[in-house]
Every structure is written in structure tokens, then in C-alpha cells.
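*Asks:* The structure follows.
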Protein chains: 2
Amino acid sequence: MEVDRAPANLLQCPWLPVNIGGCQFLAKSWFGDTAYHIVLTDMNCVWEERMDSAAIQSRAQELNRRLRAPVRAFFSHLCEVVQPCLSGSCEQAAGEVQISLSRQEDGNISMKLKSELAGLPFYWEFHCTPASVTLVCVELVRPLLAMSRLLQHQVKQLGDLLLRKDAEIQDYRENGAVLSRERLQTEVFEEQTYREDFMAKALPLLSPEQQDTLGFGSDLQQLYAAVTAHRKARKRQLSEEHIVEQDKSSTQEPELPPSLGGGSVSSEPAEKDGEQTHNGQSAAARAKMADRSPVKQSPPVTSNPAERASSKPKKKKVGLFR
Amino acid sequence: MEVDRAPANLLQCPWLPVNIGGCQFLAKSWFGDTAYHIVLTDMNCVWEERMDSAAIQSRAQELNRRLRAPVRAFFSHLCEVVQPCLSGSCEQAAGEVQISLSRQEDGNISMKLKSELAGLPFYWEFHCTPASVTLVCVELVRPLLAMSRLLQHQVKQLGDLLLRKDAEIQDYRENGAVLSRERLQTEVFEEQTYREDFMAKALPLLSPEQQDTLGFGSDLQQLYAAVTAHRKARKRQLSEEHIVEQDKSSTQEPELPPSLGGGSVSSEPAEKDGEQTHNGQSAAARAKMADRSPVKQSPPVTSNPAERASSKPKKKKVGLFR
């Protein structure tokens, strides 16, 4: 089993398509030494469970009355049987494993597991509750927005490259060159026409569900990995250069193409493991909010009062206040 | 003021960059006849407030003791002063408007507004609480994933087109054509090399924040509009064809390119306005969950027991159970 990593590294785990009890999800999971953090989504909701050593010990005891062992002793078995299931390869789980999933009326998800350990049945349950919006922002919204920006920039670059190819082709033809094989001739690329044509054809093909990956195919998985790994690298680099504590507004950024200038993927997540509570707000976020002045009064935004008076003269007579 | 639209249409409203009280957000807002739904995000969290006629009347009364008027009478004024602020153009708000924003310790956001109505001060407050994860999935995660898929598909198509341009160019050159202007010559396009080079150059340019749009620039805004408008069109089409009530698994889908096959943008949102409660779960979602059998037992997933026994023979002696 791998050594404990900081749970913040969940960001760099891929979203893997899994089928649990006949239901399709994308799953992210991190297993430490005697702790875990799993996240599931069906694209309608996102659920998670974080468990530390003490919580794991306590639940194992409840579910397995005869179990008397330190958490480390049975946690490796739990990892062996669960990790393959959360990586989309249940058939590789060690030993005989039964996993069932139930969606509860309160919106939670329960995953029950039965396997065999030391010749006796071993039971485990994952109790997944709706994740905080902050986690959804960090693990999905921000990376997806960064991916869209990168792809949009690629589309722009490739379009520019096509225009240059056309200029080269035009030069050959204007100098009398002809094709030896007619079928090699391409149409002149026009960005606007191409985009309109693409949207007209591609949008109707957006299907409601793709059963196996929920739309998160391998190309996008690669891009997700690149975007999230970059975030880590950038953080480390900033740390090494001792500029983390500097006022970020004064940090020099390289000149950005407009289509890449945005996004928050590289910014610090507001959420840190262990500080998060289950009401949808992390302690870090609350602290951050508390740091701000409670009421930021913006300068009064004033339009031309004369204009208002002339355009709405009858408002005075409405008599809303008595 | 526009007539009441179904609040489900919030999906088709754009995410507009706004600056409220010195804080940058992306905002979505829907204003009906005497109801509204606003959503704000700073990409770390997402907040919302939905108010119906009765709730608006009640709050207006609390904040403006002397106000005696039906909700319709002052709601149009509220729209006039607030809508420009939530569209990123506060300077166009009618009359003198002061808006301040405060982040509360409980994670909520409060937006206080003071304007003038019928010669007297008019006060309003928006109390935004963290949105449900389902809303974040519907309004951000699913559209962003669909956008990424579309863009990925465009990148693939443009790459293929570049290969065809290169084949055409090669044919001219093999037949002796030369360029009249050297500078028009392009390098042969190699997809893999291009992608690696792009990622090496583009990733470091992903900036932590783009102050004006939080990364949701105009190109992506257009794509978001196309993706969400398509969802509506598709829903209407399905409805007109009277196949909504059919078993969706039997609905014929056109053949899909692999890169477009996924995604949930066109599927029904689990959340309907008016049914949602503020604990992050909609009544519709709960009903849906309750409809399912409480425990779905998956078929036992069994690996080769002999293999397990041989590879982990010592587990039997650990004595986890006593």
C-alpha cells in the first residue's frame, strides 16, 4: 500500500468511471495509511466520505463484533478489496467481494461491502453524503473551465495554422501547380463557416448520457490530469521561489494570450482536508470570510438623477410609502 | 419588464462577470413577474437565492416599515436597480443605488441595497446561501463537460483537416511546385508533437485568476449558450414528438462520434424550481431516490479464490478476529 499522501492530492487523482451495484458513477479515491477519502458523482450530485483512523476503527468494530485488531491490520485488506472497485476493475478485487449500493431517502449513498478476512466474513460500509460546493468547485468546476480554456485556445491556434496552410497552397496554385490526384484537393478553411457548420452538426449529437464514462472520455481525462498536475507543480514552484507570501497582486505573470488569461485552477483551494465540516463550508473558507470586513460598502453608484427624474416622473405619485 | 418565464430557464441565462462591493463574481439571474432567482460564484463556492412573491412582500415590509404597496408595485423598481448590477453594468442602474456585499461567518453572502423610491429610501437585501450540489452540476459541471467534449472534438477535426492540407501541399511539391515567397512555407503538422508542445507552452500560462471574467471569457460564453440552448431545443423536440414518456433506454440516438458520445447536458435536471429545499437536496431528487429499491444487491464479484489463497497465505494467521 502506498504511503500516506496529503489528502489535498485528491485533486490529482483521476475521475474514473465505475459501476457499483449497477449504477454508473465517476469516482475519485485516495487511500492513505489508515485513512481514505472517496468522491462519487453521477453528474446530478456529488457525494463523498472522508474517514480517519479512529473513525475507521470505530465503524469496523460496529460492523464486525468479533474483530479485535489495530486499524492498520485490517485496513490493508479493505484497500485490497475496495480500491479495484473504485478504479473500475472490480473483477481484480482480492478474494470474494460483494458490494451493494443504496441511495437513501435523505439523499445519501450507502455502499455495503462483504468480503472474507482470516476465514471469517468482514463487513464494511461507506456512508457518502453530498459533497460541499467548494469540493465540487475544486475537483470539477475549476479544472473543467481550465480545460475548456485550453481547448478553446488550441482550436484558435489550429484555425490559424489552417489559414497559413491555405496561404501556402494558394501560392503554389497561383504559380501554376496542379494536383496529380484530384481527391487531395481541400476546401479553403473559413473559421466562421466551419464553426457554424460544426455546431449545427455536433450539438444534436450530444447524447444525454454516455453509460461508460458519463462523458468524461480518455482525451479529457488526459487533459484533466495535465491541468491538475500543473496546479501542483505551479504551487511547488511558487513555494520554492518563496513568493507565496508576497502580495499576489504584485506577482509578475508572463504575458497571457486572451484565451488563456483566466481561470482559477492554479489558485489555492479554499478547502483543506481535516478542516472541512459537512455543512458545505470549510473552516478555512469560514475563516477567510471572517477575515474580511463584515460589510464592504461599495462607493455609491449613481446614475444621472435628472435623467431618472425626467424618465420616471410619475413614480412620485404611486404612493408606495404611506 | 419581461413576463414570467419558467425558472428552469435559468440554465439558459449566461454567467456574467460582475463586481459587487469590490468582489468579483460570475452571476446568473432570473427575474420573473414578482419572483427572482440569483446565483453567484467566485469559483470557490456557489451561492443562490430564490424568492417568490410572498417572501419578497414579507422582506420588503421588514426592511421598509412605511411601505404599504402590493409586491408588483415595488418589484419593478427593484428589478430596475438590481438587474444592471447583476449584468455587470451597475452604472446603468436607475436612480441612486448603493450596493454593499458582506460575507458572513456562516458562509452566506448578504447583498444590501439602498435606493430611492417615491422620494423615500428603499432598502433591499439578498440573502444568498451555498447552492445545492445539484444546481452546481446542472449550471456548471454538465455544461462545462459538454463544452470540453465539443472543443475536444473540434481539435480532432481541425487536426485531421491539417493532415489533409499537408497531403495536398506534399502533392504539389512532389510535382515540382515551389513557393514564390519562402515565408509562406509551413511545417508539417504532427498531432502528437503539436499537443506536447502546446501543453508545455500553454499550461504555465494558466493564471490563477482573471479578474474580469474568472476565466469564463466571451468564446466560452458563446459555447455555453449554444450548449444550454441546445438542451432546451432538444427537450422541446422530444416533447413535441411525444416520446418523453417512453422508456428512455429505448429512444433511438443517432450514431455518435466517440468524442461526443458522452455527457449529461441534455438529460433532465434532477432539480425543479419550487421543489428544492435548502439542505442541498431537491424533493424531486429525494422522490427519485425513494423510488429505487432501498438496497441494490450487485451480483457477487468474485476473483479467483485459489489465487488469493496462494498469494496471501499468511493472512490466515494474523488473527484479526478473536
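*Asks:* Anything in the range A:128-145 that is in a helix (DSSP H, G or I), at the interface with chain B (Cβ under 7 Å from one of its Cβ atoms) and in contact with a Phe, Trp or Tyr (Cβ under 9 Å, 6 or more places away or on another chain)? List them, or say none.
*Replies:* Across the range A:128-145, the qualifying residues are A:V133, A:L140, A:L144, A:L145.
*Asks:* Continuing with the same structure: Given the options B:R173, B:R183, B:R149, name the one that is part of a helix (DSSP H, G or I), facing chain A (nearest Cβ under 7 Å) and not hydrophobic (A, V, I, L, M, F, W, C).
*Replies:* B:R149
*Asks:* Continuing with this model, one more query. For the range B:1-32, what are the residues that are at pLDDT 90 or above and over 18 Å from B:G88 (Cβ atoms)?
*Replies:* Across the range B:1-32, the qualifying residue is only B:G32.
*Asks:* Go through the range A:188-208 and give me each residue that's within 9 Å of chain B (Cβ to nearest Cβ) and in a loop (DSSP other than H, G, I, E, B).
*Replies:* Across the range A:188-208, the qualifying residues are A:F189, A:L206, A:S207, A:P208.
*Asks:* Evaluate the range A:67-85: report whether one residue or more is part of a strand (DSSP E or B), at negative phi and at pLDDT 95 or above.
*Replies:* No: zero hits.
*Asks:* So the check is Cβ under 7 Å with 6+ separation or different chains; which pairs have a first residue in the range B:124-147 that's more than 25 Å from B:Q104 (Cβ to Cβ) and a second one that's assigned to a loop (DSSP other than H, G, I, E, B) and of a type in the set (V, I, T)?
*Replies:* Close Cβ pairs (under 7 Å, with a partner that is assigned to a loop (DSSP other than H, G, I, E, B) and of a type in the set (V, I, T)) amount to B:R142/B:V265; B:P143/B:V265; B:A146/B:V265.
*Asks:* One residue is enough: does the range A:34-43 have a residue meeting the conditions assigned to a loop (DSSP other than H, G, I, E, B), touching a residue at least 60 places away in the same chain (Cβ under 8 Å) and not polar (S, T, N, Q)?
*Replies:* Among the residues of the range A:34-43, at least one is assigned to a loop (DSSP other than H, G, I, E, B), touching a residue at least 60 places away in the same chain (Cβ under 8 Å) and not polar (S, T, N, Q), which makes the answer yes.
*Asks:* Here's a follow-up. Residues of the range B:51-91 being of a type outside the set (D, E), free of Cβ contacts under 8 Å to residues at least 12 places away in the same chain, surrounded by fewer than 16 Cβ atoms within 10 Å (Cβ to Cβ) and at the interface with chain A (Cβ under 7 Å from one of its Cβ atoms), which ones?
*Replies:* Across the range B:51-91, the qualifying residue is only B:R68.
*Asks:* Looking at the range A:91-109, is at least one residue among the acidic types (D, E) and assigned to a loop (DSSP other than H, G, I, E, B)?
*Replies:* yes
Residues are listed down the side, and each one gets a yes or a no for (1) out of contact with any Gly (no Cβ under 7 Å at 6 or more places or on another chain); (2) among the acidic types (D, E); (3) at pLDDT 65 or above:
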| residue | (1), (2), (3) |
| --- | --- |
| A:E196 | yes, yes, yes |
| A:L205 | yes, no, yes |
| A:E209 | yes, yes, no |
| A:G217 | no, no, yes |
| A:Y224 | yes, no, yes |
| A:K235 | yes, no, yes |
| A:Q246 | yes, no, no |
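The values are calculated or read from the model by the stated rules, or taken from the named source; none is laboratory data. Note that the structure is a prediction, hence the values are computed from the model and not measured. Positions of Cβ are generated from backbone atoms using ideal geometry, with glycine treated the same way; all protein chains shown enter the neighbour counts.
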